[in-house]
Each structure stands twice: as structure tokens, then as C-alpha cells.
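Undergrad: Pasting a structure below so you can have a look.
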Amino acid sequence: MHSKIFVPALAGVLLISGCSNLAEQRAQRLAAIPEAKLAYVIGTYAVGCERNKDQCRQLFNSISTSYRNVDDKDFDSGFGIVTGKTFGDDTALDFANMERRENGIYFCHTLPAGRYSVFAYNFYNFAGGGSGYSMSKEQQFNVPFTLAEGEVVDIGTLKITAARGKNLFGMSLPAPGVLLLSGARDGAVAKALQKCPESVRNRPVRTVTLRAEGVTPYVMADPKP
């Protein structure tokens with residue numbers, strides 16, 4: 001399904017530095033927008049995991065999903081859960097569900113109004129200098145959503161699955177899965193709103209359930225939302 005890539009550890013360091021600079025630029029631009037015109041996207045992001053004693057361990061150190069502003073590349077962003085970092089902190093989970101075999105977070109992202117698209121996801125392991133799976137441009141998809149000035153939009157639950165496969169020698173290896181989309185789960189909207197600035201938490205919330213445009217094998221409705 002995906003093309004396998006091997007990324008040197010140094011490339012990961014440079015990527016982190018680049019993301020930091022981009023985050024600073026984005027923060028400056030958001031600060032210049034009147035508060036009443038800022039929009040907020042909230043929801044739940046989950047990744048599949050497997051039981052390991054009393055924990056549910058994800059099969060890749062980093063699992064992330066990207067979205068972009070269709071008209072403004074400065075606001076390309078995404079969701080991610082990272083564990084097993086050598087430097088820095090792991091993602092603080094909001095929930096770990098053994099029964100559903102998933103770890104997850106609630107999110108609230110501050111953004112300018114506009115058109116957005118969820119378009120790709122990635123899997124990465126740190127061991128051995130780094131390896132993982134990344135989608136090629138031809139594999140990318142379009143899951144659109146829009147944000148109007150001043151509104152809060154709940155986009156429901158985005159869950160990335162993972163699995164186990166075998167290499168040519170029959171060894172078990174982690175393998176990428178798919179993006180599952182569903183509506184908000186019980187209590188999730190209130191918990192995601194707590195991630196927003198306090199002044200936003202009592203605003204009305206517009207709820208949408210994301211859907212992929214066109215035919216793609218990489219995105220589907222969650223059969224067990």
C-alpha cells in the first residue's frame with residue numbers, strides 16, 4: 001500500500017527544526033488575525049495499538065496524519081502521536097483503550113477561516129537510524145472540511161490503524177493500515193473543547209463527519225465507531 005522509506009537520524013533533527021520555524025511563523029500570522037475571526041477545529045485522533053501486558057503499545061513510534069489549507073500553505077499541519085523518543089517528551093495521551101486497542105488524544109487547532117483537506121498519513125520507527133512508510137503523491141487523498149470565521153467545527157474521530165506483516169524471511173514486522181473516519185464519540189466534544197482557549201469553550205459547535213472525495217483504498221468509514 002505504501003512506499004517504504006529509510007530516513008537518517010540527522011534528517012529527523014533537521015525536520016524538527018524546520019517545523020519549529022514554521023510553527024513560529026504560523027503563530028505570528030494567527031496573532032495578527034482578530035480573535036473574533038479565528039476558527040477552531042476540534043475532534044479526536046486515535047491510533048491502533050496492541051496489548052503488551054498492562055499497556056497498549058502502538059506498532060510505530062510515530063503515527064501522523066496531515067492536513068492542509070487549500071489556499072495557504074503556511075497553514076499545513078496535522079495530528080500525531082509519538083512514543084519512544086530519545087530526546088523530548090512523548091505525546092501525552094488523553095485515553096488508552098485496551099478493548100478498542102487504541103491510544104488517542106483530543107485536539108483543538110486554531111486556524112484562519114478557509115478550505116482544508118486531510119490528505120496523507122505516515123508511520124515511522126526510530127530504531128536502526130529510522131524507517132517507516134510514507135504516502136507518495138499519487139496515493140494521497142482528499143478529505144475536505146471548511147472553517148468559517150469565528151466558528152468551532154467538530155470533525156469527529158480520525159483513527160489510523162496498523163497491523164503486522166512478514167518480510168521475505170518470514171519475520172514479523174509492523175505494517176501500515178488505513179484512516180478510519182467516524183463521528184464524535186460520547187463526551188468527546190466537551191473534552192476536545194477543553195483543549196481550546198477558555199474564551200472559545202462556550203461557543204456553538206458545528207458538527208461534521210468527514211468523508212473522502214472520490215475512490216481511495218486508504219480512507220474508509222469506521223465499521224466500529
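Undergrad: Restricting to the stretch 33-45, count the residues that are part of a strand (DSSP E or B) and either exposed (fewer than 14 other Cβ atoms within 10 Å of the Cβ) or of a type in the set (Gly, Ala, Ser) (or both).
TA: So the answer is 2.
Undergrad: Still on this model: Within the stretch 121-154, how many residues are under 17 Å from THR216 (Cα atoms) and of a type in the set (S, T, N, Q)?
TA: So the count comes out to 6.
Undergrad: Exactly one condition in (1) in contact (Cβ under 8 Å) with a residue 24 or more places away in the chain; (2) among the small types (Gly, Ala, Ser); (3) more than 30 Å from ARG29 (Cβ to Cβ) is false for SER66; which is it?
TA: (3)
Undergrad: Among the listed residues ALA212, ALA162, ALA221, which satisfies the condition of being out of contact with any helix residue (DSSP H, G or I) (no Cβ under 6 Å at 6 or more places or on another chain), crowded, with 17+ Cβ neighbours inside 10 Å and either modelled with pLDDT of 95 or more or acidic (Asp, Glu) (or both)?
TA: ALA212
Undergrad: Determine whether GLY150 is open to solvent by less than 60 Å² (accessible area, probe 1.4 Å), touching a helix residue (DSSP H, G or I) at 6+ places or on another chain (Cβ under 8 Å) and at positive phi.
TA: Yes; evaluated as a whole, the condition is true for this residue.
Undergrad: Filter the stretch 71-127 for residues that are open to solvent by 60 Å² or more (accessible area, probe 1.4 Å) and among the aliphatic types (A, V, I, L, M) and give the result.
TA: ALA92, LEU93, ALA96, ALA127 - these are the residues of the stretch 71-127 that are open to solvent by 60 Å² or more (accessible area, probe 1.4 Å) and among the aliphatic types (A, V, I, L, M).
Undergrad: Among the numbered criteria (1) touching a Pro at 6+ places or on another chain (Cβ under 8 Å); (2) of a type outside the set (Gly, Ala, Ser); (3) more than 23 Å from GLU149 (Cβ to Cβ), which single criterion is violated by ASP72?
TA: (3)
Undergrad: Further, regarding this structure: Quick check on the stretch 188-202: of everything there that is without any contact (Cβ under 8 Å) to a residue 24 or more places away in the chain and either assigned to a helix (DSSP H, G or I) or under 30 Å from THR216 (Cβ atoms) (or both), which residue is most open to solvent (accessible area, probe 1.4 Å)?
TA: Only one residue tops the list, namely GLU198.
The values are calculated or read from the model by the stated rules, or taken from the named source; none is laboratory data. Quick caveat: nothing in here was measured; it's all calculated off a predicted structure. Here Cβ is always computed from backbone atoms with ideal geometry, including for glycine, and neighbour counts include all displayed protein chains. Just so you know, the surface numbers come from the protein's heavy atoms only, side chains and all, with ligands and any DNA or RNA stripped out. Shrake-Rupley method; radii C 1.70, N 1.55, O 1.52, S 1.80 Å.
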